[in-house]
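Report on one structure; see the data block that follows.
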Ligand code: HEM
């Protein structure tokens, strides 16, 4: 008998003598709202009827397990294997599954994550399966171009294995396949290179989580990187399809990464962004001058500069030009933000648009929280990054260490000097020698950036908190110890 889940918790799913024992046949019947929705985890039986609509991964996903075991699904969405989620599941416990059924019910499959690429050890892992990891803050700002091995990874499913010789990209307009492009066909299009940052919608979520509990991976400030991307322009490929932009509303992208039901990761962008050559959307096959690595979408990844990472679909399998937005979980029920008063009991995902262009943000990368730093000539050196979505240039970064009584303007040390107005896809690296008070043993540094539209970061997380922890762009605050 093989258990895919290595439950850390000893209590989750173990036999409980105080509860009733059910057989599999009875549990199988509970696969609908009317009779109640039950699931099995190891030896435990759970009534999740009331939780289904509150599931952060969406009702359609959790319903795949209705009346049966969640284990094969959690082998893929292995980020569920946390103490917090075990406790949540155990709170819905109603009984046990009979011993003979446990054997019947256990899974003897290969781990879908057994063929993941080898990753750099410096990455801090926030989720092992699917793999989600970020570099340490101090490495992040060492260079304007983030080294590929240190670029954050946010996968949603196992990394697919793709043979470049058989790779094909399907181009669909409405419901009709118009073309299939082989890898070599994509390379025949004019080669186009851009430098662009990509940022995860949950970057800096761990700070927002301190305001109030939320659901999501605990990202630090490193779910962002800046790289050189080379490939074919989406506008050139779409032009060849002779589409009338007015007839459609969205361009959907599907990946080769599949969930247990065979549904691919998918997302979409508005049609104007896909068709407009000035938006610089490219089908990248190179990252930093090398073949794009598996973790970043080998062999082809869509790069939508200025737009949340989730729309930069990896392992591209299909481009679909449609009237409809992508109906995927990640477009409809995730990567959306709500009012701080919206919670899992009253959230209606259909009321919010999918996140596309990102808001202005900055972070202090050096020093790091609680670090002791040397004061030299009454000053400390502070470094960080700033970025805004939609190609908006960073025009200023303000830094204070007296709670905003005095703001000092940082030096903007590196930005894309070739960028044209409205096409600042790269991040800006900044630094400042910040004056500190004499004999002061501790100080809190705050940073905020301003973009070309004079958008500025909000002061705190309190009024931008949202239940899934997206768009975490409040002032970045770092407390450090000083050595005079
Ligand atoms: C009763 C069982 C379940 C519970 C208590 C549960 C709980 C949760 C929680 C708390 C999250 C947010 C985690 C985070 O983002 O850090 C989550 C996300 C998610 N869940 Fe579940 N879940 C259950 C069953 C399932 C099943 C059966 C599936 C798939 C078939 C599933 C698929 C997902 C997906 C796709 C996400 C989003 C992950 C991401 O952001 O990449 N869940 N679930």
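Assorted remarks:
- The chain: calculated mean residue ellipticity at 222 nm from DSSP helix runs of at least 4, using -39500 (n - 2.57): -3000 deg cm²/dmol
- With Cα atoms defining each centre, segment 167-221 and segment 16-36 are spaced 40 Å apart in the structure.
- Scoring 412-424, 458-470 by mean Cβ neighbours within 10 Å over their residues and listing the highest first yields 458-470, 412-424.
- Judged by the gyration tensor of its Cα atoms, with axes a ≥ b ≥ c, segment 186-252 is oblate; a/c meets the 1.5 cut and b/c is at least as large as a/b.
- Distance between the pseudo-spin-label points of residue 407 and residue 32 (7 Å out from Cα toward the beta carbon): 6.0 nm.
- Note on 208, 92: ascending count of other Cβ atoms within 10 Å places them as 92, 208, the fewest first.
Just so you know, all these numbers are worked out from the coordinates, no wet-lab data involved. Just so you know, these numbers come straight off a predicted model, no measurement behind them. Ideal geometry is used to build each Cβ from the backbone, glycine not excepted, and the neighbour counts take in all protein chains shown.
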